[in-house]
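FYI, it's all coordinate maths here, none of it is from the lab. Computed from a predicted structure; not experimentally measured. Here the Cβ positions follow ideal geometry from the backbone for every residue, glycine too, while neighbour counts run over all protein chains shown.
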Amino acid sequence: MGTWDTGHFDNDTAADFGGSLDETAPEQRTELIRTVLAEAAGEEDDLDSDVALHAVAAAALVAAQCPGGEPVTTAYGPQEPLPPFPAELRPLAVAALDRVLGADSELAELWDETDLSADWREGIDRLRTVLRPA
C-alpha cells in the first residue's frame, strides 16, 4: 500500500480516486460516491484494500458535508467542487466503514501490522461518528 500517513487521502489509491472524481462529470459525482460506498458495504467476501481505500475516501467526502465534519483540504483529494451529497449517503458510508474495519478487511489487516493502527482506526471512528444521524 503506497501510504505516507493515516489520513483518508494519504495513500496512492485514495489520491487516484480524488483525481477520478475530478475527471467525472459534475452531475455524476454523487453517483460515483454512492457506487464506491455500496461496493464496499455490499462485499460479502474478503474486502480488497483498494476497494476499502476508495470507500474511506468517499466517506470522508460525505462526512465533510455533515455537521461537525472536517473539510477535506489535502492536495491529494479532489480539487473540483463537489455537489451537496444527499443525507441518504450517510448510513451507506457508515456501513462501508464498518466493513472496512471488519475482520475480513485486507486494509484493516494491513494497518494492524503497523504501529499506527490505533491512529488510523481513530480516524475511521471519527468519520463514523460524524456520519451517524443525531
- What number, in percent, do you get for the relative contact order of the chain if the mean sequence gap of Cα pairs under 8 Å and at least 6 apart is divided by its residue count? 32
- Cβ crowding within 10 Å averaged over residues, with 110-118, 93-101, 64-72 ranked highest first: 93-101, 64-72, 110-118
- Counting only residues 5 or more places away or on other chains, whose amide H sits under 5 Å from the amide H of residue 105 once H atoms are built in the peptide plane? 47
- Item | Alpha carbon convex hull of the chain, projected area averaged over orientations, nm² | 7.3
- Task: Please turn the phi angles of region 112-121 into ³J(HN,Hα) values with the Karplus equation 6.51 cos²θ - 1.76 cosθ + 1.60 (θ = phi - 60°), one per residue in order, whole Hz, x for glycine and proline.
- Result: 5, 8, 10, 7, 9, 4, 4, 5, 4, 4
- Message: Using the Karplus curve 6.51 cos²θ - 1.76 cosθ + 1.60 with θ = phi - 60°, what ³J(HN,Hα) values do you get for each residue of region 38-46, in whole Hz, with x for Gly and Pro?
- Response: 5, 4, 5, 5, x, 5, 9, 9, 4
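By how many nm would the segment from residue 118 to residue 24 grow when fully extended, if each residue of separation counts as 0.36 nm and the alpha-carbon distance is taken off?
30.5 nm
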- Tell me the label-point distance for the pair residue 87, residue 73, using the 7 Å Cα-to-Cβ offset, in nm and rounded to one decimal. 2.8
- Starting from region 79-110, pick out the GluC sites (Glu not before Pro) whose DSSP state is loop and whose Cβ has at most 11 other Cβ atoms within 10 Å. 88
